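Visitor: Sharing a structure below in structure tokens format, with a few things to ask.
The values are calculated or read from the model by the stated rules, or taken from the named source; none is laboratory data. Here the structure is a predicted model, which is why all the values come from computation and not from measurement. Reconstructed Cβ throughout: ideal geometry from the backbone, glycine too, with neighbour counts over all protein chains shown. In case anyone asks, the SASA skips ligands and DNA or RNA and just uses the protein heavy atoms, side chains included. Shrake-Rupley method; radii C 1.70, N 1.55, O 1.52, S 1.80 Å.
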Amino acid sequence: LAAAQEGDRYAVAKIVRAWHRPMRAYVTALQLTSQDADDVAQEVFLRALQRLDRVESLNALGPFLKGVAKNVVRERQRKFARENRAYLRLVDERSAQATETVGATWLSDPEILAALRSCLSNLPEQA
């Protein structure tokens, strides 16, 4: 650990090799897709290596990496939620524009719009 904290590339690579599979399994258990798990694991190691000086011992490395992973996953979920809300607003705006342009169509049916909003709001948190 000390060598990795001092910038030894071999020591850093050894840590990444040792922890990559467990970290990927951990983030996958947080209900991420396989592709998302790969992306999150990579982001975890990038962030963790920048803050490796905060880890006091090898025993603290696992909990440290899990904490970084939780933060990365939470950030991704918040971003997805923001994007989903923005998309729902866009659907409302476009449906209003389409109704004005096209006239009385299926887009002006409140039941269809409510069903569409319900479907979009029930999409999973992961992209």
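Visitor: Could you point to the residue in ALA115, VAL73, GLN97 farthest towards the positive end of the chain's charge dipole, with +1 and -1 charges on the Cβ of Lys/Arg and Asp/Glu respectively?
Guide: Selected residue: VAL73.
Visitor: Rounded to the nearest 500, what is the chain's calculated 222 nm mean residue ellipticity when only DSSP H runs of at least 4 contribute -39500 (n - 2.57) each, over all residues?
Guide: Numbers: 5 runs with 99 residues, N = 127.
For the chain, the value works out to -27000 deg cm²/dmol.
Visitor: Would you mind working out the magnitude of the charge dipole of the chain relative to its Cα centre, with +1 at each Lys and Arg C-beta and -1 at each Asp and Glu C-beta, to the nearest 20 Debye? Show your work: numbers first, answer last.
Guide: Details: 19 positive and 16 negative charges, 113 e Å.
So the dipole magnitude of the chain works out to roughly 540 debye.
Visitor: How large, in percent, is the carbon and sulfur part of the accessible surface of the chain at a probe radius of 1.4 Å? Mind showing how you got there, number by number?
Guide: Values: 4560 of 8660 Å².
In the chain, the share of accessible area belonging to carbon and sulfur is 53 percent.
Visitor: In nm, to one decimal, how far is the modelled label at GLU93 from the one at GLN42, with both set 7 Å along Cα→Cβ?
Guide: Placing both labels 7 Å along Cα→Cβ, they lie 3.1 nm apart.
Visitor: Right, here's the next one. Of [x] 55; [y] 45; [z] 40, which is the value of percent of Cα pairs over 21 Å apart derived from the coordinates here?
Guide: Here the calculated entry is [x].
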